[in-house]
Amino acid sequence: MTTDARALAVDAYNKAQDLLYADRSPEDDTELLTLAFVSKHFWKQAGGNMQFAISDWLISRVFGELGFTDLAVEFAVASLNYDDTNFPNWTRASLNEGAARAFKGVGMEEEAARHVVLAYEFLAKEENSADAAVIEEQLKDL
């Protein structure tokens, strides 16, 4: 089951990512939210702290996109509450980017700025420039 759950988690996550950055209809918005939770559900069966944190990041991002800003903050904060000592720096930067985006969505500009600074601090330590570039692009969007 773990292999199947992992495959389902990855598939739902990838489909959600595709929808997140696409022009969406209201039906697509519903599918986007569903996929984010489906991914989290299957990662709970087959993942670890990093996958759990990324799942919460995705749900936060989706809620923010859909205008549910309080829920976006709730999931962004949850994504930061996992033990991240073994996460790659780009992942830690990404989670802080998500938190910055969520806090900005509720008008908490100082808290958003604090997370942007943290994201850049983690990116400065990232050895993989391709991974860092993805997060840098997301930070530009803020």
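The residues of the range 69-87 that are assigned to a loop (DSSP other than H, G, I, E, B) and within 15 Å of the chain's Cα centre (by Cα), listed by number, are Leu80, Asn81, Tyr82, Asp84, Phe87. If you go through the range 88-112 and pick out every residue that is assigned to a loop (DSSP other than H, G, I, E, B) and free of Cβ contacts under 8 Å to residues at least 40 places away in the same chain, you end up with 3. State whether one or more residues within the range 124-132 are part of a helix (DSSP H, G or I), charged (D, E, K, R) and more than 16 Å from the chain's Cα centre (by Cα). Taking every residue of the range 124-132 in turn, at least one turns out to be part of a helix (DSSP H, G or I), charged (D, E, K, R) and more than 16 Å from the chain's Cα centre (by Cα). For the range 32-52, does any single residue satisfy the condition of being closer than 27 Å to Leu123 by Cα, in a loop (DSSP other than H, G, I, E, B) and more than 14 Å from the chain's Cα centre (by Cα)? Yes, some residue in the range 32-52 is closer than 27 Å to Leu123 by Cα, in a loop (DSSP other than H, G, I, E, B) and more than 14 Å from the chain's Cα centre (by Cα). Do we have any residue at all in the range 17-32 that's open to solvent by less than 40 Å² (accessible area, probe 1.4 Å), over 22 Å from Val77 (Cβ atoms) and in contact with a Lys or Arg (Cβ under 7 Å, 6 or more places away or on another chain)? Within the range 17-32, not a single residue is open to solvent by less than 40 Å² (accessible area, probe 1.4 Å), over 22 Å from Val77 (Cβ atoms) and in contact with a Lys or Arg (Cβ under 7 Å, 6 or more places away or on another chain).
When the range 52-99 is filtered for residues that are open to solvent by less than 10 Å² (accessible area, probe 1.4 Å) and of a type in the set (Ser, Thr, Tyr), the ones remaining, listed by number, are Ser55, Ser60, Ser79, Thr91.
When the range 43-84 is examined, which residues are found to be under 20 Å from Gln138 (Cα atoms) and of a type in the set (Lys, Arg)? Passing the criteria: only Arg61. So is Leu118 among the aliphatic types (A, V, I, L, M), open to solvent by 30 Å² or more (accessible area, probe 1.4 Å) and assigned to a loop (DSSP other than H, G, I, E, B) or not? No. Of all residues in the range 113-142, those that are of a type in the set (Phe, Trp, Tyr) have Cβ atoms under 7 Å from Cβ atoms of residues that are part of a helix (DSSP H, G or I) and open to solvent by less than 90 Å² (accessible area, probe 1.4 Å), 6 or more apart or on another chain, in Phe122/Asn89; Phe122/Arg92; Phe122/Ala93; Phe122/Asn96.
The values are calculated or read from the model by the stated rules, or taken from the named source; none is laboratory data. Keep in mind it's a predicted model, so treat the numbers as computed, not measured. Cβ: placed from backbone, ideal geometry, glycine included. Neighbour counts: every protein chain shown. The accessibility values were calculated without ligands, DNA or RNA, using every heavy atom of the protein model including side chains. Shrake-Rupley method; radii C 1.70, N 1.55, O 1.52, S 1.80 Å.
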